[in-house]
1. Which is farthest toward the positive dipole end of segment 36-146 among 55, 44, 98, measuring Cα position about the Cα centre, with Cβ charges +1 (Lys, Arg) and -1 (Asp, Glu)?
2. Using a basic spin-label model with each label point 7 Å from the Cα along Cα→Cβ, how many nm lie between residue 65 and residue 36?
3. What full-extension length gain, to one decimal in nm, is calculated for residue 102 and residue 141 as 0.36 nm per residue of separation minus the Cα-Cα distance?
4. Rank-order 90-99, 75-84 by packing density, defined as the average count of other C-beta atoms within 10 Å over each peptide's residues, highest first.
5. For segment 36-146, would you read off the P(r) tail past 24 Å as a percentage of all alpha carbon pairs?
6. For a label point 7 angstrom out from the Cα of residue 133 toward its Cβ, which stretches of segment 97-118 have the backbone nitrogen within less than 19 Å?
Amino acid sequence: MTVRVSAAVIVISATISALLCGLGAPPAQADPLPQWTPFGTTLYTFGDANFCTGAIGVALEATPQLPGHVLAHVTPYGYQHGPCGNHVVLGWLGSAGGRSQDVYIHTDATPGNTVTVDLWVGMGPAKFIVNTWPLQGPFLEWYLLVP
């Protein structure tokens, strides 16, 4: 009899804990994405025309209500001697395996439109590397925990 009472108490307390913690409630916004970027979040590179030089910003965030997905935002900050563009390669290794995706950005001397892509990385620890293609400068690197 005490085993049944103990089991009932455990089930009831687990249910109350889940309700108090909001388990099962969809998040109103993206979960925070713990990340470490040892080289920053800005790529400095040469563009695809007129020996133009420029900078590209990359930001990563968790996708709301999609566990294991990461949104990558790629924004050209502008090019000297533009208009110019770049192929930006996003490469990652996570619990879903290793993959890459190519994004093309284009602008003149002013900041351009942000290109956002949804990437399936898998939940848990992951590593991202971002660079231009063909290789024309230093790369960016992220270590993160994907919710």
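The numbers here are math on the coordinates, done by the rules we state, and not lab data. Here the structure is a predicted model, which is why all the values come from computation and not from measurement. Quick reminder, even Gly has a Cβ in these numbers, built from the backbone with ideal geometry, and neighbours come from all protein chains shown.
1. The listed residue farthest towards the positive side: 98.
2. With each label placed 7 Å out from Cα toward Cβ, I get 3.4 nm.
3. Full-extension gain reported as 12.4 nm.
4. Per-residue Cβ counts within 10 Å, averaged per peptide and sorted highest first, yield 75-84, 90-99.
5. More than 24 Å apart: 23 percent of the Cα pairs in segment 36-146.
6. Residues 97-107, 115-118 qualify, since their backbone N sits under 19 Å from the label point.
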